[in-house]
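**Student:** My structure is below; once you've seen it, I'll send some questions.
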Amino acid sequence: MAESRWAAEADRAALEALLRAHLDRALFPLSNLAQYGLAGGPARHACRFRLTPGRGAAAVSSEGMVLPVGDPDLADLRQVLAGRQVCGVIAETALARAALAALGLAGLPLMMEDDEPHFVLDLAELVLPACDGLSLHPLEDAPRDLAVAFRAAFAREVFGETPEGAAKRAETDVAGFLEAGSHRMLRRGGDWVAMTGFNAALPEIVQIGAVYTPPALRGQGLARAAVALHLAEARDAGAARAVLFAASEQAVRAYRALGFRQIGQFGLFLFDGTRTVPALDPAAAWRQTGARKEEET
């Protein structure tokens with residue numbers, strides 16, 4: 001088997017095929033690849049891709065997020081990332097935990113440590129709830145300060161951000177949502193009551209994220225309606241499938257009611273800031289490299 005390498009343009013077809021073989025679990029890296037290409041860059045979600053031919057890959061974003069897929073060579077990943085700043089790992093839960101351990105980062109304090117049920121839906125089977133009196137709108141139709149407030153509240157609740165960190169993140173995120181056209185706001189009468197969006201998307205598949213309803217309005221089916229209307233919009237535009245991760249039992253019930261079915265668990269492990277991937281000592285590096293080569297011969 002060929003050794004792992006940073007994917008170049010000559011590897012793009014093989015990389016895409018590998019990621020698409022794990023489509024439901026690889027939408028983050030696939031959509032980042034489609035948007036930014038292979039070379040990385042200053043955009044926070046732009047990635048380079050460490051390819052283990054025939055086995056797996058790991059996307060590494062400019063902000064330091066590691067997104068492994070399949071069965072990448074994690075010992076090799078530790079070696080090439082030694083000394084680099086990493087802000088988290090997102091992947092199928094067992095793989096995410098293995099990557100944290102292989103990178104020497106297991107056991108460090110985390111801002112977010114979520115092992116969430118992973119759901120999929122064929123959009124032809126979408127079950128629309130009653131949406132009388134509700135309407136879904138592009139994010140730009142709502143007051144920007146309200147969208148920022150919703151996103152900041154989401155960041156405090158879901159990511160555990162400080163108020164200052166959440167406000168800063170929200171301004172950046174909403175600017176990105178507006179540029180991408182990825183998010184929507186739900187309106188009831190004259191009130192804006194929920195936000196939803198796609199945090200990754202390809203023409204044929206979308207991944208739901210950033211679903212938020214203010215606490216005083218929860219339990220009324222508003223988030224469910226927002227997600228359903230956005231999915232119907234995506235379906236009508238040609239998408240055939242949707243994926244998401246559910247952060248609570250209430251969310252699980254809402255998504256199952258729309259027709260979603262669980263396929264596994266997904267891990268989102270985020271540091272408060274970044275952590276440096278420690279270098280292996282020379283003897284350990286030699287043992288890992290030697291063991292890997294023996295397995296391949």
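The values are calculated or read from the model by the stated rules, or taken from the named source; none is laboratory data. Bear in mind the structure is a predicted one, so any value in this text is a computation, not a measurement. Methodologically, a virtual Cβ is constructed for each residue, glycine included, from the backbone with ideal geometry; neighbour enumeration extends over all protein chains shown.
**Student:** Would you point out the residue of the stretch 258-272, among those that are in contact with a Gly (Cβ under 9 Å, 6 or more places away or on another chain) and among the aliphatic types (A, V, I, L, M), that is nearest to residue 63 (Cα to Cα)?
**Tutor:** Going residue by residue through the stretch 258-272, those that are in contact with a Gly (Cβ under 9 Å, 6 or more places away or on another chain) are 268-272.
Of the ones still in play, those that are also among the aliphatic types (A, V, I, L, M) are 268, 270.
On the way: 268: 15, 270: 12 Å.
Checking each candidate, the answer is 270.
**Student:** Let me ask something additional. Only one of these conditions is not met by residue 252: (1) assigned to a helix (DSSP H, G or I); (2) out of contact with any Pro (no Cβ under 8 Å at 6 or more places or on another chain); (3) at pLDDT below 95. Which number is it?
**Tutor:** Just one mismatch for residue 252, condition (2).
**Student:** Same structure, new question: So is residue 2 touching a Gly at 6+ places or on another chain (Cβ under 9 Å), modelled with pLDDT under 95 and over 23 Å from residue 242 (Cα atoms) or not?
**Tutor:** Working: touching a Gly at 6+ places or on another chain (Cβ under 9 Å): yes; modelled with pLDDT under 95: yes; over 23 Å from residue 242 (Cα atoms): yes.
Here the answer is yes, as residue 2 does meet what is asked.
**Student:** Answer with yes or no whether residue 115 is surrounded by fewer than 21 Cβ atoms within 10 Å (Cβ to Cβ) and in contact with a helix residue (DSSP H, G or I) (Cβ under 7 Å, 6 or more places away or on another chain). Walk me through it before giving the result.
**Tutor:** Working: surrounded by fewer than 21 Cβ atoms within 10 Å (Cβ to Cβ): yes; in contact with a helix residue (DSSP H, G or I) (Cβ under 7 Å, 6 or more places away or on another chain): yes.
It is true that residue 115 is surrounded by fewer than 21 Cβ atoms within 10 Å (Cβ to Cβ) and in contact with a helix residue (DSSP H, G or I) (Cβ under 7 Å, 6 or more places away or on another chain).
**Student:** Exactly one condition in (1) surrounded by fewer than 23 Cβ atoms within 10 Å (Cβ to Cβ); (2) farther than 24 Å from residue 265 by Cβ; (3) touching an Asp or Glu at 6+ places or on another chain (Cβ under 7 Å) is not met by residue 43; state its number.
**Tutor:** (3)
**Student:** Another one. Scan 44, 5 and give me the residue that is in contact with a strand residue (DSSP E or B) (Cβ under 7 Å, 6 or more places away or on another chain) and touching a residue at least 24 places away in the same chain (Cβ under 8 Å). Spell out the reasoning first.
**Tutor:** Details: 44 fails: touching a residue at least 24 places away in the same chain (Cβ under 8 Å).
One residue alone meets the criteria, 5.
**Student:** Hey, another quick one. Considering only the stretch 49-76, state which residues are in contact with a Ser or Thr (Cβ under 9 Å, 6 or more places away or on another chain) and either among the basic types (Lys, Arg) or more than 18 Å from residue 97 (Cα to Cα) (or both).
**Tutor:** 50, 51, 52, 53, 55, 63
Each row is one residue, and each column tells you yes or no for (1) modelled with pLDDT under 95; (2) over 26 Å from residue 267 (Cα atoms).
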{"position": "136", "(1), (2)": "no, yes"}
{"position": "151", "(1), (2)": "no, no"}
{"position": "165", "(1), (2)": "yes, no"}
{"position": "174", "(1), (2)": "no, no"}
{"position": "177", "(1), (2)": "no, no"}
{"position": "187", "(1), (2)": "no, yes"}
{"position": "191", "(1), (2)": "no, yes"}
{"position": "226", "(1), (2)": "no, no"}
{"position": "229", "(1), (2)": "no, yes"}
